[in-house]
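Every read-out reported here was derived from the displayed coordinates using simple, explicitly stated rules and does not represent laboratory data. Not measured: the values here are computed from a predicted model. Because the Cβ atoms are built from the backbone with ideal geometry, glycine has one as well, and the counts that use them run over all protein chains shown.
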């Protein structure tokens, strides 16, 4: 069986799949991930995940391709990847002491088959003062992260609770993806071959 193609440059998605023993080949997709005016969080994540999968599948006929996209939403506003420190700081201020939603959509395209799904998790931050936010922003972990934070990293110290899938917040709803891979035969799950966390 040929490796599953992961249409993502995310080291977190790669790590999650390798942890359960999925053999993958990384081929990042180059698509426009801009949020469209009036777009809802789930629809945005689904559209971008589908575009990523289709872009890579077009270059790899007959292969299984998996893509995903993660968005953070609060007050019906989608928080994408911060473009600079000021935007990262503003995002973290909006999340401080509140509950927000993280949605990851995934799209699997393969020989005569296409499957997709989306999972939403609620994450609550404790109240953060400006000094802590500045400290986190200086650390730089926010770069390239939806909502300007990484729950699996330093920002885990800011998270008060997670309601739902933690792997979804990291970037891939692993339970749902593994089930989809097994049902379609797109990849072999081999926990014994997995990479320890």
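Starting from the Cα of residue 179, step 7 Å along the direction of its Cβ; do the same at residue 159; then give the gap between the two resulting points in nm.
Simple spin-label model gives 2.1 nm for this pair.
For a quick check, take a GNM of the chain with Cα springs below 10 Å and name the residue from 73, 183, 160 with the largest mean-square fluctuation.
The residue that fluctuates most here is 183.
Which order results if 178, 77, 72 are arranged by neighbouring Cβ count within 10 Å, fewest first?
77, 178, 72
Using a Förster radius of 22 Å, what is the FRET efficiency between residue 192 and residue 15 based on their Cβ-Cβ separation? Nearest 0.05, please.
0.80
Pairing the Cα long axis of helix 41-57 with the longest principal axis of the chain, what angle in degrees results, from 0 to 90 and rounded to the nearest 10?
Relative to the chain, helix 41-57 is tipped by roughly 40 degrees.
If one takes the longest principal axis of the Cα atoms in the chain, at what angle in degrees, from 0 to 90 and to the nearest 10, does the Cα axis of helix 85-95 lie?
Between the helix axis and the principal axis of the chain, the angle is about 90 degrees.
Which entry in (i) 40, 39, 30; (ii) 50, 33, 29; (iii) 51, 40, 26 matches Cα extents along the principal axes in Å derived from the coordinates of this structure?
Here the calculated entry is (iii).
Using only DSSP helix segments of four residues or longer, with each worth -39500 (n - 2.57), what per-residue ellipticity at 222 nm results for the chain after dividing by its residue count and rounding to 500?
-9500 deg cm²/dmol
Once each part is reduced to its C-alpha centroid, what is the distance from segment 1-29 to segment 37-55 in angstrom?
20 Å
Counting other C-beta atoms within 10 Å, which of 125, 106 has the fewest, and how do the rest follow?
125, 106
Using just the alpha carbons, could you tell me how many Å³ per residue the convex hull of segment 59-171 encloses?
Taking only Cα atoms, segment 59-171 has a hull volume of 110 Å³ per residue.
Could you order the peptides 8-19, 33-44 from most to least packed, using the average number of other C-beta atoms within 10 Å per residue?
Put in order of decreasing packing, that is 8-19, 33-44.
Return the FRET efficiency for the residue pair residue 32, residue 166: r is the Cβ-Cβ distance, R0 is 41 Å, and the value is rounded to the nearest 0.05.
That gives a FRET efficiency of 0.90.
What angle do you read, to the nearest 10 degrees and between 0 and 90, between the alpha-carbon axis of helix 174-184 and the longest principal axis of the chain?
Helix 174-184 sits at roughly 20 degrees to that axis.
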